[in-house]
1. When the stretch 600-653 is examined, which residues are found to be within 21 Å of GLU526 (Cα to Cα), out of contact with any Phe, Trp or Tyr (no Cβ under 7 Å at 6 or more places or on another chain) and in a helix (DSSP H, G or I)?
2. Restricting to the stretch 150-186, name every residue that is of a type in the set (Gly, Ala, Ser) and surrounded by 20 or more Cβ atoms within 10 Å (Cβ to Cβ).
3. Can you pull out the residues in the stretch 214-237 that are of a type outside the set (Asp, Glu) and either touching a helix residue (DSSP H, G or I) at 6+ places or on another chain (Cβ under 7 Å) or over 12 Å from ILE196 (Cβ atoms) (or both)?
4. Among the basic types (Lys, Arg) and under 28 Å from the mean Cα position of the chain (by Cα): which single residue out of ARG458, ARG394, ARG404 fits that description?
5. Quick check on my filter: what residues within the stretch 267-286 are in contact (Cβ under 8 Å) with a residue 40 or more places away in the chain and of a type outside the set (Gly, Ala, Ser)?
6. Which one of these does LEU342 not meet: (1) of a type outside the set (Val, Ile, Thr); (2) surrounded by fewer than 20 Cβ atoms within 10 Å (Cβ to Cβ); (3) within 28 Å of the chain's Cα centre (by Cα)?
7. State all residues of the stretch 289-320 that are part of a strand (DSSP E or B), touching a residue at least 40 places away in the same chain (Cβ under 8 Å) and crowded, with 17+ Cβ neighbours inside 10 Å; if no residue qualifies, say none.
8. Got a number for residues in the stretch 476-496 being more than 17 Å from VAL579 (Cβ to Cβ), of a type outside the set (D, E, K, R) and touching a strand residue (DSSP E or B) at 6+ places or on another chain (Cβ under 6 Å)?
Amino acid sequence: MHSVDSPETGVGSKKAKRSLSSCVPTSTMPTTDSQTGIGGDDYTLFPVEDIVQYPLPGYVAPASVAFSPDDNLISYLYSPDSTLSRKIFAFDPVLRQQRLLVTPPGGGVDEGNLSTAEKLRRERLRERGLGVTRYEWAKSGFAPRLMVPLPGGIYVQDGPSADLRLRVPSTANTPILDPQLSPDGCSIAYVREDEIYVIPIVGGESVQITTGARGTGKTHGLAEYIAQEEMERRNGFWWSPDSRHIAFAEVDATGIPSFRIMHQGKATLGGEAEEDHPYPFAGQANVKVRLGVVPVTGGDVSWMQLHCGEIADEEYLARVMWMPDGFLTVQVQNRAQTKLQLLKFDPVTGSRQTMLTEENDIWVNLHDCFTPLHKGAGRLAGSFIWASERTGFRHLYLYDGSCRCLGALTEGDWAVEQIAGVDENSGIIYFVGIMDSPLDTHLYSTQLFPDFVSPLQRPRRLTQSEGRHIVVLDHQMQRFVDIHDNLETPPRVLLCSLDDGRIIVPIYEQPAPTPRARKLQLAPPELVEIQTGDDGTILYGALYKPDPNQFGPPPYRTVVSVYGGPNVQTVCNSWMNTVDMRAQYLRSRGILVWKLDNRGSARRGLKFEGAVKNNMGRIDVEDQEAGVQWLVRQGLAHKGRVGIYGWSYGGYMAAMALARCPETFRCAVAGAPVTAWDGYDTHYTEKYMGMPSSNHAGFEYSSVMHHVHRIQGKLLLVHGMIDENVHFRHTARLINALTAAAKEYELLVFPDERHMPRGLRDRMYMEERICEFLDRNL
């Protein structure tokens with residue numbers, strides 16, 4: 001569902017979870033409003049060529065950071081010329097020098113040299129990066145070995161000084177998907193034409209180890225659409241720790257009717273001008289998924305006693321992980337996502353046992369915090385760490401080998417985001433969380449084996465500066481890489497001590513503000529707190545105020561930038577908010593821009609997020625209206641001169657706000673909006689809205705079409721016609737309702753774009769039209 005940003009490119013990883021509206025660049029906008037002092041050429045600081053380009057200002061820092069297996073090098077993707085095209089570099093912390101490891105042959109990834117399958121996977125990943133976009137170190141075995149997947153095939157480098165060599169060629173007609181190195185570094189597994197292959201790194205040919213999927217509507221070893229888009233499960237196969245077996249998902253989509261997408265902008269007809277996607281609409285059937293285990297040399301498959309998509313309590317295969325003892329663990333969700341089971345399988349017989357069950361009447365959020373312990377003895381043999389929101393906030397719990405919960409490792413009205421590392425020898429667990437503020441992210445440490453009798457010790461914070469910290473720990477649990485940014489500081493990369501958090505050596509730093517940010521006069525927004533009128537809940541907002549020296553004192557014309565959907569946070573102490581280019585552009589033209597994280601958004605606990613359950617488009621829209629009323633009371637906004645824009649769920653919120661709050665919003669830009677939840681996918685929709693058959697009133701009220709008759713303001717609809725996520729059908733259905741209600745609208749379509757516009761000319765044109773629309777109607 002989500003259109004999101006990534007630190008590397010401005011648009012990418014769903015783990016970052018921010019709305020497209022916070023990163024889409026902007027262009028010049030003619031302005032003539034004498035009341036705000038806009039007009040002429042004095043303030044044309046944002047030429048379209050500068051604003052639309054990626055990466056965003058300051059987001060040229062190293063990304064995809066990893067330690068080599070021996071911890072002697074810190075590798076990362078980096079572009080010395082500050083473009084999207086990146087190479088692999090390594091930093092030597094002893095010599096304190098950077099060196100180039102890999103230059104991609106032929107330039108590497110380019111938007112024009114990818115197969116359709118690879119382009120669709122990039123859509124799921126929100127990936128914009130070019131050149132090298134992924135690499136993988138062998139976990140053990142020989143001298144540090146790198147695998148580098150590129151459009152031309154799979155490349156291998158046997159040591160930092162060795163040449164890059166092509167191991168398996170790839171073509172656009174038969175692309176290689178999701179290659180993975182074996183744990184021992186001796187083999188590579190990959191998917192080609194719906195089957196899994198294994199090839200040794202040195203000598204030998206590829207061996208096809210699965211059969212029966214190709215040409216049948218099934219796939220072996222690939223994550224289906226729902227897994228990639230909604231469950232953040234990118235993989236469909238998993239190496240065993242001893243590199244002797246591979247567990248894989250068999251996905252059967254034959255029961256899902258295909259949804260056809262026509263490339264209306266193509267000059268040609270036929271197969272290249274149409275796509276068929278097995279898309280599971282809310283209330284309809286899901287794919288069927290089996291889990292098998294096969295030797296890496298091929299042979300008989302052992303099928304686990306699991307049939308996802310056929311049993312209500314086991315609808316979704318959410319996570320798969322091998323245990324240190326060679327058993328296989330699987331997380332499965334029921335259809336309503338109110339129940340999650342952690343199951344353990346014997347990979348030989350396929351027999352199963354239930355390790356634990358997590359249930360919640362709101363929903364059970366997926367996470368990646370399940371961590372088996374390796375060195376436990378006695379009662380702790382086979383022990384593991386699990387995360388639960390049973391208290392309303394995600395916290396960590398220790399379980400023994402008999403799957404009994406020994407107690408909590410963290411507690412409080414704040415959440416653990418992820419486990420960064422576990423030092424079993426020292427009895428310390430390192431995690432990333434929001435204990436100090438939901439607007440920041442920090443690295444903390446705490447006891448792994450407390451006595452569970454005394455009160456828990458307060459976790460120790462290891463990252464120092466306020467803002468957002470993304471961390472990578474070394475294998476010896478001695479150091480960590482800290483990728484840090486905040487509203488005032490563009491991303492910097494530091495090597496720090498895991499003992500006390502002190503900086504050992506800077507790996508990458510850039511001036512604050514960066515030259516481009518200084519040239520464009522990008523002032524950080526002001527973060528504020530407001531209270532909702534009904535129960536006093538604190539909501540966080542961000543204000544982009546025009547310069548009063550140029551535009552006079554407030555009130556100002558105002559535009560609300562909204563996402564508003566579950567599992568996303570837009571207001572936080574991050575450089576990403578400072579380089580929200582559309583917001584900065586509008587601010588520079590005398591328009592106040594406002595962001596508010598309404599109830600239903602992320603990082604505030606399950607009750608806060610669950611406020612939208614079965615009623616999307618109600619309390620979330622009301623919170624956005626309350627935010628505008630607060631601005632008016634503060635004397636910041638002109639009543640009646642407020643617009644709103646958003647993309648994806650934000651596009652839905654913009655259209656709903658215009659319809660439901662006609663006295664508040666004068667105009668709206670709805671980009672790729674979901675207009676009726678019966679037209680979106682099963683996993684996302686049913687988690688938050690239930691089934692259409694059992695929540696008829698909720699689905700009706702949450703549809704934009706239900707409120708169209710109340711629209712008084714101006715509406716601009718923007719959509720890519722080959723969007724395979726939020727289909728153009730959503731906008732078409734809304735247009736039918738607008739026509740029936742005799743309501744005016746404007747339409748901006750891009751025949752060759754998907755959920756996020758990628759073409760430079762298309763992005764430039766889109767921003768020109770959006771900003772002109774807002775200026776004209778405010």
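1. Within the stretch 600-653, ASP623, GLN624, GLU625, ALA626, VAL628, GLN629, TRP630, VAL632, ARG633 qualify.
2. SER170, SER182, GLY185
3. Answer for the stretch 214-237, where residues must be of a type outside the set (Asp, Glu) and either touching a helix residue (DSSP H, G or I) at 6+ places or on another chain (Cβ under 7 Å) or over 12 Å from ILE196 (Cβ atoms) (or both): GLY215, THR216, GLY217, LYS218, ALA223, TYR225, ILE226, ALA227, GLN228, MET231, ARG233, ARG234.
4. On the way: ARG458 fails: under 28 Å from the mean Cα position of the chain (by Cα); ARG404 fails: under 28 Å from the mean Cα position of the chain (by Cα).
The match here is ARG394.
5. Scanning the stretch 267-286 gives GLU275, HIS277, PRO278, TYR279, PRO280, PHE281, GLN284, ASN286.
6. (2)
7. VAL289, ARG290, LEU291, GLY292, VAL293, VAL294, SER302, TYR316, LEU317, ALA318, ARG319, VAL320
8. Final tally of qualifying residues: 7.
The values are calculated or read from the model by the stated rules, or taken from the named source; none is laboratory data. Note that this is a predicted model, so its numbers are computed, not measured. Glycine gets a Cβ as well: all are built from the backbone with ideal geometry, and neighbour counts include every protein chain shown.
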